[in-house]
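J.: Below are the structure tokens for one structure; questions will follow.
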Amino acid sequence: MKSLLEINNLSGGYYKQRVIKNISCKIEKGDFVGIIGPNGSGKTTLLRLLSRSLAPEEGSVMLEDKDISRMGLKEFCRKAAFVPQDTLINFSFTVAEIVLMGRIPHLERLQPEGKYDIEIAKNAMAMTDTAYLKEKNINELSSGERQRVIIAKALTQDPTLLFLDEPTSHLDIGHQIQILDLLKKLNRDNGLTIIMVLHDLNMASEYCNRVLLLNNGEIFKEGTPQEVLTYQNIETVYKTIVVVNKNPINSKPYVILVSREK
Amino acid sequence: MKKKVIILIFLLLFAGALGIVIGSVKIPLKELFLEQNRSIVIMRILRVLTAAISGAGLAVAGIALQAILRNPLAEPYLLGTSSGAGLGAVIAITLGVSSLYMPAAAFIGAILSIILVYNLARNNNKVPEHSLILSGVIVSVALSAIIVFLISMSANEALHGMTWWLWGNIQVFNPKLILAVAILVTLGIAVIYIFCQDLNAISIGEEEATHLGINVERVKKIMIIMASLITAGLVCICGIIGFVGLIVPHMMRLVVGPNHKTLIPATCISAAIFMILCDIISRVIFPPLEIPIGVITAVLGAPTFIILLKRRQKIG
């Protein structure tokens with residue numbers, strides 16, 4: 001079977017400063033991939049290269065065997081959606097209006113949304129539990145609610161691939177679990193492939209079936225959470241002391257931080 | 001929604017009729033349509049038309065700039081675009097260029113000033129909203145000063161005097177030019193409307209819009225060109241009129257919401273009404289004197305600006 005996303009010798013960054021150096025990797029349909037690594041290791045840059053926000057300097061990203069930089073922008077956006085850390089919106093759009101914007105890649109200019117488009121938006125709102133917010137103003141929502149609405153918009157794009165850049169970094173643990181559980185459900189029930197940048201190693205261990213550990217713009221280690229999240233790997237990359245235990249409930253790796261001060 | 005639009009169209013017709021009936025010269029309604037008054041009626045119709053297109057044009061230019069800069073305070077006057085256009089036009093007249101080429105000179109002035117303001121405000125590829133308005137106002141003041149200087153040095157009658165340029169006036173001088181500008185402004189508004197979905201997406205964020213398949217840089221360029229074109233055309237027929245692009249879009253967002261698909265048509269009609277009414281006020285408040293229309297829009301616009309600013313500080 002062909003991979004959904006093939007990354008070949010990818011390099012790129014900003015103003016000639018190369019952040020990502022020669023990364024190659026394959027992502028299969030149905031994967032839940034976590035990109036982890038210390039600050040400045042290139043997590044967000046990699047995500048931006050994969051999601052076409054940034055053009056590569058060298059190498060290519062193939063989505064279903066097509067080079068993404070040669071795809072039409074709208075065509076790409078029908079296949080891949082993006083959820084940022086947090087979205088601040090200056091204008092008082094309603095939740096329904098925001099979610100329906102997800103249909104833009106599927107519509108021509110001035111083409112009104114049809115029944116099918118509205119159906120998809122409704123489904124997305126049902127899945128993300130945002131239907132009751134429909135008439136509300138996006139500025140009046142809490143950050144957890146707002147992030148669910150943004151995910152609903154991304155789902156309305158009807159993508160096969162969903163990129164997320166630390167989608168839970170502004171949320172408390174209750175809301176973090178709510179968002180990640182939602183993503184897990186979409187991954188399991190709808191076969192949505194997810195590529196997500198995460199800070200929290202234990203969240204990556206809990207939710208991802210594959211983890212990419214980045215260091216200095218290169219893949220330091222890639223594999224299942226058990227393979228990647230060992231104390232040797234983490235101590236080398238993060239330069240800090242940790243103990244890796246097993247989660248008592250599902251025996252996935254559990255990282256415990258250790259202070260150097262007594 | 002349809003109901004609101006019908007009400008607006010009705011109000012527009014009413015305001016238009018009012019603009020034709022009322023003037024600085026009092027003529028009883030019975031006598032207005034007599035042969036001897038025909039030229040007055042034609043002048044008033046032209047005047048109502050000028051007011052309508054200048055309102056609609058300035059307000060839609062404001063909407064386009066607000067969306068691409070994600071800043072509800074952006075507006076052709078406050079960003080210095082109007083002054084840039086004014087300076088271009090004044091230079092053209094001083095050099096003795098034919099009046100039909102004046103909009104071209106105004107367009108160059110408008111686009112140069114918008115680029116200047118944007119780059120003055122930019123810091124590390126970000127454009128903080130307060131510095132955008134600040135640099136807009138500074139550029140506007142500087143360019144207005146040059147306009148005043150050029151007009152003081154010139155004896156050219158086609159310049160209509162300083163107040164005309166700095167505070168605007170809807171008086172009809174050149175029907176041909178008005179017609180040309182009306183076509184230009186209508187085209188500009190139509191192009192902006194075609195991009196209404198793109199503007200919705202960009203107003204929630206540039207990266208977000210890119211992820212919805214929108215070529216943001218291209219849309220921004222087209223919007224800047226259209227807003228400059230509209231402003232340039234209008235400055236040539238009615239001088240610099242401020243705040244219209246701030247007041248009317250703001251009111252209409254409260255009435256129909258921020259979705260550009262409905263916001264643009266609703267704003268078009270209500271801005272036309274707004275300007276026709278402002279023009280009537282400017283004619284009747286101290287007859288036979290006429291108050292420059294920019295004075296009236298500024299008196300209404302300044303409080304609107306403060307309300308918007310205070311609200312944004314609360315959010316920020």
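J.: Where residues in the range B:192-219 are among the hydroxyl-bearing types (Ser, Thr, Tyr) and closer than 18 Å to A:Ala154 by Cα, which of them is surrounded by the most Cβ atoms within 10 Å (Cβ to Cβ)?
T.: B:Ser203
J.: Tell me yes or no: at least one residue of the range B:230-240 is in contact with a helix residue (DSSP H, G or I) (Cβ under 7 Å, 6 or more places away or on another chain) and within 14 Å of chain A (Cβ to nearest Cβ).
T.: no
J.: Further question on the same structure: When the range A:28-56 is examined, which residues are found to be charged (D, E, K, R) and surrounded by 15 or more Cβ atoms within 10 Å (Cβ to Cβ)?
T.: Of everything in the range A:28-56, those that are charged (D, E, K, R) and surrounded by 15 or more Cβ atoms within 10 Å (Cβ to Cβ) turn out to be A:Lys29, A:Asp31, A:Lys43, A:Arg48, A:Arg52.
J.: Next question, about the same structure. I need a count of the residues in the range A:57-72 that are under 15 Å from A:Leu161 (Cβ atoms) and either surrounded by 20 or more Cβ atoms within 10 Å (Cβ to Cβ) or touching a helix residue (DSSP H, G or I) at 6+ places or on another chain (Cβ under 9 Å) (or both).
T.: Going through the range A:57-72 one residue at a time, the tally reaches 7.
J.: Is it the case that A:Thr168 is crowded, with 22+ Cβ neighbours inside 10 Å and of a type in the set (Val, Ile, Thr)?
T.: Considered against the rule, which asks whether it is crowded, with 22+ Cβ neighbours inside 10 Å and of a type in the set (Val, Ile, Thr), A:Thr168 comes out as yes.
J.: Let me ask you something else. Of all residues in the range B:193-212, which are more than 7 Å from chain A (Cβ to nearest Cβ) and among the β-branched types (Val, Ile, Thr)?
T.: If the condition is that a residue be more than 7 Å from chain A (Cβ to nearest Cβ) and among the β-branched types (Val, Ile, Thr), then B:Ile202 is the only one that fits.
J.: Which residues, counting only those in the range B:213-222, are within 14 Å of chain A (Cβ to nearest Cβ) and not acidic (Asp, Glu)?
T.: Correct list: B:Gly213, B:Ile214, B:Asn215, B:Val216, B:Arg218, B:Val219, B:Ile222.
J.: Turning to a different aspect of this structure: Pick from the range A:117-162 the residues that are of a type in the set (Gly, Ala, Ser) and crowded, with 18+ Cβ neighbours inside 10 Å: which of them is nearest to the chain's Cα centre (by Cα)?
T.: Checked the range A:117-162; the qualifying residue nearest to the chain's Cα centre (by Cα) is A:Ala154.
J.: In addition: Could you pull out the residue among B:Ile178, B:Ile189, B:Ile183, B:Ile147 that is surrounded by fewer than 19 Cβ atoms within 10 Å (Cβ to Cβ) and under 19 Å from B:Thr231 (Cα atoms)?
T.: None of the others qualify; the one that does is B:Ile183.
J.: Pull up the range A:9-27, narrow it to residues that are over 12 Å from A:Leu214 (Cα atoms) and either among the basic types (Lys, Arg) or within 15 Å of the chain's Cα centre (by Cα) (or both), then point me to the one that is surrounded by the most Cβ atoms within 10 Å (Cβ to Cβ).
T.: Per the criteria, the residue is A:Ile27.
Conditions (1) free of Cβ contacts under 8 Å to residues at least 24 places away in the same chain; (2) of a type in the set (A, V, I, L, M, F, W, C); (3) in a loop (DSSP other than H, G, I, E, B), marked per residue:
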site: A:Ser3; (1), (2), (3): no, no, yes
site: A:Arg18; (1), (2), (3): no, no, no
site: A:Asn22; (1), (2), (3): no, no, no
site: A:Cys25; (1), (2), (3): no, yes, no
site: A:Leu46; (1), (2), (3): no, yes, no
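Bear in mind that the values in this text are calculations on the coordinates, not laboratory data. This structure is a prediction, so every number in the text was calculated from the model and none was measured. Neighbour counts run over all protein chains shown; Cβ positions are idealised from the backbone, glycine included.
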